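K.L.:
Okay, handing you the structure first.
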Amino acid sequence: MNFIFIFVLSLILLVYVIKPLLQRKYKFVYVPFIKINEKENLLKKKDEMLGALKEIEFEYQMGKLSEQDYNELKKDYEINALKILRELDTKNNSDSKNDLIEEEIKAYRFQKKKFDNNSEKKFKYCPNCGTQVNINYRFCNNCGNPLDKEN
């Protein structure tokens, strides 16, 4: 009797759990794998390839690898390292937009600095009190002293 009760109860629970999965209103959506730290992974791979090249160089010098094996392995590792370096270059070129923005900011700052330097020439100083006065003024705004044309 207990066996039948447990069997019926488990069957009811199984139907309860599977029923929502079989309904058409739920669609399975493919979510592509997103590489978050792709650049970081490429840098790790590059380091691994360079380490492997150093290791086979060391083993060849120690006499553990024949010249033929060394040349084949070196060629394979160099090809893989070059592929990784090319991928890194393409990833770094995507950052070129930031470089362009930085260049525009530098140009703007240079122009502003140049303008500020030119604006200093539009003023002169009162010989009496030292106040900055427009170059076209004949008298000081602060003390009223006549200004020479040479200052």
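K.L.:
Do we find that Lys44 is outside any loop (DSSP other than H, G, I, E, B) and modelled with pLDDT of 90 or more in this structure?
P.N.:
no
K.L.:
Can I ask one more? Of the residues Lys64, Lys75, Lys54, only one is of a type outside the set (Val, Ile, Thr), in contact with a helix residue (DSSP H, G or I) (Cβ under 9 Å, 6 or more places away or on another chain) and modelled with pLDDT of 90 or more; which?
P.N.:
None of the other options fit; the residue is Lys64.
K.L.:
Can you confirm whether region 5-19 contains a residue that is in a helix (DSSP H, G or I) and either at pLDDT below 80 or in the same structural domain as Asn71 (by TED's automatic domain parsing) (or both)?
P.N.:
no
K.L.:
Still on this model: Being modelled with pLDDT under 90 and not aromatic (Phe, Trp, Tyr) is the requirement here; does Ile36 meet it?
P.N.:
yes
K.L.:
On to the next question. Determine whether Leu85 is loosely packed, with under 10 Cβ neighbours inside 10 Å and at pLDDT below 90.
P.N.:
Judged against the criteria, Leu85 is not a match.
The values are calculated or read from the model by the stated rules, or taken from the named source; none is laboratory data. Fair warning: this is a prediction, and the values are worked out from it, not measured in the lab. Neighbour counts are summed over all protein chains in view; Cβ atoms, including those assigned to glycine, are modelled from backbone coordinates with ideal geometry.
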